[in-house]
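S.K.: Submitted below is the structure of interest, expressed as structure tokens.
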Amino acid sequence: MFRFCYPRPVAAPSAALSARSDAKRNRERIVSSARELFARAGVHVPMREIARHAGVGVGTLYRHFPARGDLIDAVLAESFEELVALAESALAEPDAWRGFTRFVEEALVLHGGNRGLKDVVETNEHGRTRAQAMRRRLRPLVANLVARAQEHGELRSDFTPQDIALLFWGSDRVIELAGDVAPELWRRQLAFVMDGLRSANATPLPAPPLTDAQLRRVGAKPRSST
């Protein structure tokens, strides 16, 4: 009479468990290092520098993140959510003009502390699926902020959602130039600009707004650092 013996479950070898733990730690170190470097220097930081900062080899970095966009998505997901939350909160503001200006101001605070976020928000060049999805979520919110302020007669009627980028570019440049000397100077510059956006002060503009295609081309151009 034959006796059938079924194999007992075999526990995962300790070596495999250790390898998975090492891989998880390496990924966390890569993301943490990229977050720090992107915030300080923008998303163009060389991948080799990120790997060195994380204490891993370049091959290890690319095993976890085959493309720069994959790493950008992993690093900036939380910051993107915060930016979308700012827009949603601004839309809930009863005063349409206050909601519009509050969003611009608070978004610039985020930009000032995170160059990587600024690089991704102001252009269509960086990020992959997640970054693109977040842009799609943000665009209609910004368009609603603009339309609401115009409907209430506060924001000049010829301002477009694409013009938001001009506000960011101008203030970001002030932050870059004067941030170490006068960190709040950008607020003064922005106040001048916002006063000029009031419908009561509107005069004909000498040039049309950028199209979406033009905005992408301008935003993709490298900016000189000082």
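The values are calculated or read from the model by the stated rules, or taken from the named source; none is laboratory data. These numbers come from a predicted model, not from an experiment. Note: ideal-geometry Cβ built from the backbone for every residue, glycine included; neighbour counts use all protein chains shown. Surface areas here come from the heavy atoms of the whole protein model, side chains and all, with no ligands, DNA or RNA. Shrake-Rupley method; radii C 1.70, N 1.55, O 1.52, S 1.80 Å.
S.K.: Go through (1) closer than 29 Å to Glu184 by Cα; (2) in contact (Cβ under 8 Å) with a residue 24 or more places away in the chain; (3) assigned to a helix (DSSP H, G or I) for Glu78 and report which single condition fails.
M.R.: Looking at each condition in turn, Glu78 falls short on (2).
S.K.: Out of the residues in segment 15-48 that are open to solvent by 40 Å² or more (accessible area, probe 1.4 Å) and outside any helix (DSSP H, G or I), state the one that is modelled with the lowest pLDDT.
M.R.: The qualifying residue modelled with the lowest pLDDT is His44.
S.K.: Looking at the structure I just gave you, is Ser171 among the small types (Gly, Ala, Ser) and open to solvent by less than 40 Å² (accessible area, probe 1.4 Å)?
M.R.: Working: among the small types (Gly, Ala, Ser): yes; open to solvent by less than 40 Å² (accessible area, probe 1.4 Å): yes.
So Ser171 passes the test.
S.K.: If the requirement is being modelled with pLDDT of 95 or more and either under 16 Å from the mean Cα position of the chain (by Cα) or among the hydroxyl-bearing types (Ser, Thr, Tyr) (or both), which of these qualifies: Leu141, Leu145, Leu108? If you could, list the steps in order and put the result at the bottom.
M.R.: On the way: Leu145 fails: either under 16 Å from the mean Cα position of the chain (by Cα) or among the hydroxyl-bearing types (Ser, Thr, Tyr) (or both); Leu108 fails: modelled with pLDDT of 95 or more.
Only one candidate qualifies: Leu141.
S.K.: Look through segment 49-73, keep the residues that are surrounded by fewer than 17 Cβ atoms within 10 Å (Cβ to Cβ) and at pLDDT below 90, and return whichever of them is farthest from Ile175 (Cα to Cα).
M.R.: Result: Ala67.
S.K.: Out of the residues in segment 83-112 that are assigned to a helix (DSSP H, G or I) and acidic (Asp, Glu), which is farthest from Ser171 (Cα to Cα)? Working first, answer last.
M.R.: Of the residues in segment 83-112, the ones assigned to a helix (DSSP H, G or I) are 83-91, 96-112.
Still in the list and also acidic (Asp, Glu): 88, 105-106.
Numbers: Glu88: 22, Glu105: 10, Glu106: 12 Å.
Selected residue: Glu88.
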